[in-house]
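Step one of this worksheet: look at the structure below.
Values in this text are rule-based calculations from the coordinates and carry no lab data. The shown structure was predicted, so the numbers you read here are calculated from the model rather than taken from an experiment. Cβ placement follows ideal geometry from the backbone for every residue including glycine, while neighbour counts extend to all protein chains displayed.
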Amino acid sequence: MGTVEYIQHHLTNNSVGEGFWTFHLDTIAVSFMLGALMIFVSMRLVKQMEAGTPGGFQNFVESILDFVSVNVRDAFPGHNPLIAPLALTIFIWVWLMNFMDLIPVDLFPYLFQLISGDSHAYLKIVPTTDLNTTLAMSLTVFCLIVFYSIKIKGVWGYTKMFLFHPFGKFFIPVNIIMTFIEEVSKPLSLALRLFGNLFAGELVFLLIALIGGTLAVGAAALFWAPLQVLLDLAWLIFHLLVITLQAFIFMVLTIVYLGMAHEEAH
Amino acid sequence: MNINATLLIQMIAFMLLIWFVNKVLWGPLSKLMEERQKKITDGLSAAEKGKHELELAENKAKEVLKDAKSQAQNILGQAEKRGSEIVEDAKVKATEEAGRIKASAQAEIEQEVSRAREDLRKEVASIAVSGAEKILRKEIDATRHNDMLETLVKSI
């Protein structure tokens with residue numbers, strides 16, 4: 001199997017359906033499983049949580065909660081009970097989905113191929129390297145932005161923002177285009193940033209995996225295999241930072257955008 | 001890049017997950033944390049209050065002690081005064097009693113003396129009368145000269 005096929009194979013989703021009505025089964029399954037894991041762990045935690053003397057795991061979760069609510073308090077001006085759970089969901093879910101990136105690239109596809117008996121079965125286990133996932137989240141956030149903008153500023157206030165912002169009342173056509181771009185770029189940049197980072201990260205993992213896979217032949221393996229391990233470890237440690245940072249950025253920008261939506265018209 | 005129906009599924013999943021996280025994690029846990037925060041705040045303020053009350057009580061105890069001390073001092077002083085008064089009183093009474101006893105003794109002595117004198121006088125008179133009787137047996141009639149003899153006895 002050539003290098004290009006190897007990479008392409010790894011970056012193709014296991015899907016059913018045709019055209020628009022295609023479903024990426026791996027993306028859906030993994031993200032659902034991670035969501036279910038979040039719910040399951042939360043339920044278990046809440047069932048046995050203690051107010052007086054929180055245990056280790058409860059402390060850990062409480063510190064995440066604290067971290068999120070501090071961020072919400074800093075970046076969000078108004079009061080909205082939806083924002084904090086939303087931010088928490090984004091942070092944990094995105095982090096978990098990103099974490100799938102750190103699992104050895106061939107492990108799950110290989111196991112899946114063994115189980116399914118199809119040696120060419122596709123499997124892409126990182127939901128955030130699928131633009132559908134990142135765009136789904138950012139579009140949901142975008143819907144919330146529009147909803148709260150209209151709710152807080154009123155329909156006229158929201159329209160006014162398009163008409164007179166940023167250049168005043170003499171440049172209304174320009175203003176409409178500018179504000180439209182500004183608004184649309186919010187979900188797009190959110191989705192593309194996360195997707196791009198994770199996709200690139202996955203690609204680098206694949207390239208590193210190729211070092212041992214295709215270059216190491218015979219005695220050369222003595223050189224290439226250790227190099228692969230070393231590079232993989234380095235990129236893994238660096239990527240651990242990246243996935244946390246990306247989850248954090250997605251969360252903070254969501255809070256900030258929604259905070260802007262909650263500001264009174266100016 | 002292939003955007004497809006997966007997007008819709010993921011959007012629904014995301015919204016459901018937000019709802020679930022709010023329901024099972026954020027809600028209960030943040031409530032718990034808030035309650036704990038409140039408990040800690042309450043506890044701290046209660047401790048502060050207790051400390052303050054302790055201080056007040058200590059001050060009050062000191063005052064009461066001081067009061068009791070001064071009162072005791074007062075009582076002690078009064079008792080001392082009363083004691084010396086009683087002693088003084090007793091002295092005066094004793095002196096009076098002594099005087100009275102002395103006076104009554106004197107009176108008794110005087111009475112005794114006068115009685116003795118009376119007796120002596122009567123004795124002497126009777127001796128004199130009997131002497132005179134012996135001498136003057138014949139000339140003097142006891143009944144006729146009784147008046148004269150009486151006068152004589154008195155003058156002795």
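Residues that are within 15 Å of A:V126 (Cα to Cα) and either of a type in the set (S, T, Y) or at the interface with chain B (Cβ under 10 Å from one of its Cβ atoms) (or both) within region A:6-22 comprise A:T12, A:N13, A:S15, listed in sequence order.
Scanning region A:79-96 turns up no residue that is part of a helix (DSSP H, G or I), away from every other protein chain (no Cβ under 14 Å), in contact (Cβ under 8 Å) with a residue 24 or more places away in the chain and under 25 Å from A:I237 (Cα atoms).
Scanning region A:137-157 for residues that are within 14 Å of another protein chain (Cβ to nearest Cβ), out of contact with any Phe, Trp or Tyr (no Cβ under 6 Å at 6 or more places or on another chain) and not hydrophobic (A, V, I, L, M, F, W, C) turns up just one, A:S138. Annotation for region B:29-46: no member residue is more than 30 Å from A:A51 (Cα to Cα), of a type in the set (S, T, N, Q) and surrounded by 10 or more Cβ atoms within 10 Å (Cβ to Cβ). Here A:Y110 meets each of (1) without any contact (Cβ under 8 Å) to a residue 12 or more places away in the chain; (2) within 14 Å of chain B (Cβ to nearest Cβ); (3) not hydrophobic (A, V, I, L, M, F, W, C) with one exception, condition (2). For the subset of region A:97-107 comprising residues that are in contact (Cβ under 8 Å) with a residue 40 or more places away in the chain and part of a helix (DSSP H, G or I), which member is farthest from the other protein chains (Cβ to nearest Cβ)? Across region A:97-107, the extreme among qualifying residues is A:L102. Within region A:30-68, the set of residues being at the interface with chain B (Cβ under 7 Å from one of its Cβ atoms) and among the polar types (S, T, N, Q) comprises A:S31, A:S42.
Yes/no matrix, rows are residues, columns are (1) surrounded by 15 or more Cβ atoms within 10 Å (Cβ to Cβ); (2) assigned to a helix (DSSP H, G or I):
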{"site": "A:L123", "(1), (2)": "yes, no"}
{"site": "A:N132", "(1), (2)": "yes, yes"}
{"site": "A:L135", "(1), (2)": "yes, yes"}
{"site": "A:C143", "(1), (2)": "no, yes"}
{"site": "A:V146", "(1), (2)": "no, yes"}
{"site": "A:G154", "(1), (2)": "no, yes"}
{"site": "A:K160", "(1), (2)": "yes, yes"}
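Listed by first and then second residue, the pairs with beta-carbon distance under 8 Å, at least 6 apart or on different chains, first residue in region A:57-77 and part of a helix (DSSP H, G or I), second buried (at least 19 other Cβ atoms within 10 Å of the Cβ) and among the β-branched types (V, I, T), are A:I64/A:I92; A:N71/A:I255; A:V72/A:I83; A:V72/A:I255; A:A75/A:I255.
Here A:D118 clears all of (1) assigned to a helix (DSSP H, G or I); (2) surrounded by fewer than 19 Cβ atoms within 10 Å (Cβ to Cβ); (3) out of contact with any His (no Cβ under 8 Å at 6 or more places or on another chain) except the condition numbered (1).
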